Amino acid sequence: MLDPDLNPYTPNAGAMPLALTGRSELRADFRTLLRRLQRGYTDKAMILTGLRGVGKTVLLNDFARTAEDVKWRVIELEIPKRGADSEFRLQIAQGARRALLSMSHPERWRDRVRTAASVLRSFSIKVDPDGALTAGLGVEPSFGMGDVGDLSLDLTDLMVSLGQAAQEENTGVIFLIDEIQFLTSSQLEGLVMALHKTVQRSLPLTMAAAGLPQIAKITGDAKSYSERLFSFSEVGPLSVEAACEALVEPAAREGATFQQSALDECVRITEGYPYFIQEIGYTLWRNAHDTVFTERDVDLARVDYMARLDSSFFRVRLDRASALERAYMRAMAELGAHPHSASKVASLLGRTGNQAAPVRASLINKGLLYSTPDYGVAQFTVPQFDTYIKRVMPQLVVPPLRSRSGA
Ligand SMILES: Nc1ncnc2c1ncn2[C@@H]1O[C@H](COP(=O)(O)OP(=O)(O)OP(=O)(O)O)[C@@H](O)[C@H]1O
Ligand SMILES: [Mg+2]
């Protein structure tokens, strides 16, 4: 038995891995973005898209460290599902408050920072009527700025004033937004409009966001200029080389090694997906008897690996689905791992496309499926979900039609 205290793998959502591999290009892009804005140049805000467990949150956390290292102010938001505009406004206001207070003590604020604090007060009046959030800022609300009630206009006022404050203080502000696909269209539109304005003014304020793949389509719908405002990068599974590194490096730190065949097997099972890599490493450590990992060790660990994935990573997703939604996903799995057209899935369920459309829409809404740019084609947001669902639902059972109009 190896010492469980020394297990160096991190199979937890958002947990910084010991070896953050295969992402050097995106990390370099982010550093370039900050440097360019700091110099007064403009650049596109970053949007990372990828399936569940590929390491989007980890990258945003890494970006936060990078930004802090160069003394930028970091505003981190995680967007809740179906969050109201007021909640979004409050999240932004809290982040802006912290950013302003970190620039200097309110008594020493210079003009632009003071102005931004006033705009923040007006911006938050509706969501913080008793002023608790902005108490202690020592400024009056700035009437007519940030208080119109229209999210896009108010957010634009706030972001522009924050950017100007940062410029005055010779720093920058970076919004790091996770689960961005959960923004409603009005929230997203507000963000797009506000960023559009900060780019026009060449202010040192920008955003790096992460979300499920459908976000590319959503932002496209939000405002036609979003293509010019954002650079989209896909965060995918790790290359074979990066996957090996992600396994080998943590083990090496605790004095363990992999035989090549064991490593090959791990890469094959996980297909390079970071979450799966951490889980296989973790269970391998739990089950191995010796510090040289062999293919047999991987075989032995595999039962534990599957059980842990099934009971956590996969099951939480299935638990969120209704019986009909499960059947829909089971039908998709029946058709194979690649994306499927809505009509094919519907016909396997003995329904017309129209009858099945609400189920599909609800699965997309719950974040279990996303629709790819080819219209009408959907895919699982969780890697290897098709094989999981076949394991727990060996047979495709077609639920009866409830009524003539029901799906
Ligand atoms: N580049 C990487 N190298 C090695 N391990 C990684 C890497 N990126 C992420 N991981 C590991 O993968 C797992 C998933 O990471 P993370 O939570 O960031 O994924 P995510 O894309 O945000 O997933 P979700 O969509 O479910 O929020 C974590 O256990 C993390 O330690
Ligand atoms: Mg995440």
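The values are calculated or read from the model by the stated rules, or taken from the named source; none is laboratory data. Only a predicted model underlies this, so the values are computations on that prediction, with no experimental measurement involved. Backbone-built Cβ (ideal geometry, glycine too); neighbour counts: all protein chains shown. Note: areas computed on protein heavy atoms with side chains; ligands, DNA, RNA excluded. Shrake-Rupley method; radii C 1.70, N 1.55, O 1.52, S 1.80 Å.
Quick notes
- Accessible surface of Asp5 - all protein chains present, 1.4 Å probe, nearest 10 Å²: 130
- Cα pair distances exceeding 18 angstrom across region 20-85, given as percent: 44
- Between Val58, Val316, Val199, the GNM of the chain built on Cα springs shorter than 10 angstrom shows Val316 fluctuating the most.
- Using Cβ point charges alone (K and R +1, D and E -1), the dipole size of region 238-317 about the Cα centre works out to roughly 360 debye.
- Dmax and Rg, reported as Rg then Dmax, of the chain (C-alpha, Å): 23.9, 70
- Across region 222-379, the fraction of Cα-Cα pairs farther apart than 22 Å, rounded to a whole number, is 56%.
- Kirkwood radius, region 48-195, all distinct C-alpha pairs, inverse of mean reciprocal distance: 15.7 Å.
- Debye intensity ratio in log₁₀ form over the Cα atoms of region 154-197, taken at each q of 0.18, 0.25, 0.26, 0.32 Å⁻¹: -0.57, -0.92, -0.96, -1.13
- For Val292, the accessible area of its heavy atoms, probed at 1.4 Å with every protein chain present, is near 60 square angstrom.
- Region 208-249: C-alpha gyration tensor shape, a/c 1.5 cut-off, then a/b vs b/c: prolate
- For region 172-219, the share of alpha carbon pairs falling in successive 5 Å distance bins from zero is 5, 20, 30, 25, 14, 6 percent.
- The angle between the Cα long axis of helix 185-200 and the longest principal axis of the Cα atoms of the chain comes to about 60 degrees, rounded to the nearest 10.
- Over 26 Å between alpha carbons, listed pairs Lys56/Lys344; Lys126/Lys217; Lys71/Lys217; Lys197/Lys366; Lys56/Lys366: Lys56/Lys344; Lys126/Lys217; Lys71/Lys217; Lys197/Lys366
- Proximal charge balance of Pro11 [Cβ under 10 Å; K/R count +1, D/E count -1]: 0
- Loop trypsin sites (Lys or Arg not before Pro), region 70-177, which have at most 15 other Cβ atoms in a 10 Å radius of their Cβ (DSSP): Lys71, Lys81, Arg82, Arg110, Lys126
- Accessible-area ranking of Phe63, Phe143, largest first, probe 1.4 Å: Phe143, Phe63
- Listed values for region 359-367 are Karplus-derived 3J(HN,Hα) couplings in whole Hz (6.51 cos²θ - 1.76 cosθ + 1.60, θ = phi - 60°), namely 5, 4, 4, 5, 5, 5, 4, 7, x, and x replaces Gly and Pro.
- Protein-only accessible surface order, largest first, of Met207, Met1 at 1.4 Å: Met1, Met207
- Potential lengthening of the chain between Leu300 and Arg286 amounts to 4.0 nm, from the contour at 0.36 nm per residue minus the alpha-carbon distance.
- Amide H within-cut-off set for Glu76, under 5 Å, with H built and near neighbours excluded: Leu176
- Gained length - Thr184 relative to Arg108, 0.36 nm times residue gap less alpha-carbon distance: 23.6 nm
- Label-point separation, Lys390 to Gln200 (7 Å along Cα→Cβ), nm: 5.3
- Rounded to the nearest Hz, the phi-derived 3J(HN,Hα) couplings of region 55-69 under the Karplus curve 6.51 cos²θ - 1.76 cosθ + 1.60 (θ = phi - 60°) are x, 6, 5, 4, 5, 4, 5, 5, 4, 4, 4, 4, 5, 5, 4, where x marks glycine and proline.
- For region 320-392: rounded, prolate or oblate by the Cα gyration tensor [a/c cutoff 1.5]: rounded
- The label-point distance for Asn354 and Ala252, in a model that sets each label 7 Å from Cα toward Cβ, rounds to 6.2 nm.
- Other residues whose C-beta falls under 10 angstrom from the C-beta of Lys126 contribute a net charge of -3, scoring Lys and Arg +1 and Asp and Glu -1.
- What the phi angles of region 315-328 give under the Karplus curve with 6.51, -1.76 and 1.60, with θ = phi - 60°, is a coupling list of 5, 4, 6, 5, 4, 7, 9, 6, 4, 5, 5, 4, 4, 4 Hz, glycine and proline written as x.
- Contact order, relative form, for region 238-317: 32 percent (alpha carbon pairs under 8 Å, 6 or more residues apart, mean separation divided by residue count).
- Centre-to-centre, using Cα atoms only, region 158-182 and region 251-278 are separated by 39 Å.
- Think of a 1.4 Å ball rolled over the protein heavy atoms: the chain then has 45 Å² of accessible area per residue.
- Global size of region 252-292 as Cα Rg and Dmax, reported in angstrom: 10.0, 26
- Estimated from helical segments only, the mean residue ellipticity of the chain at 222 nm is -16000 deg cm²/dmol, where each DSSP H run of four or more residues counts as -39500 (n - 2.57).
- Accessible surface of the chain, 1.4 Å probe, proportion on carbon and sulfur as whole %: 49
- Counting only the Cα atoms, region 238-317 fills a convex hull of 77 Å³ per residue.
- Residues of region 240-279 with amide N under 11 Å of a point placed 7 Å along Cα→Cβ from Ala15: 278-279
- Here the extension length gained between Glu234 and Ser341 equals 36.3 nm, from 0.36 nm per residue of separation less the Cα-Cα distance.
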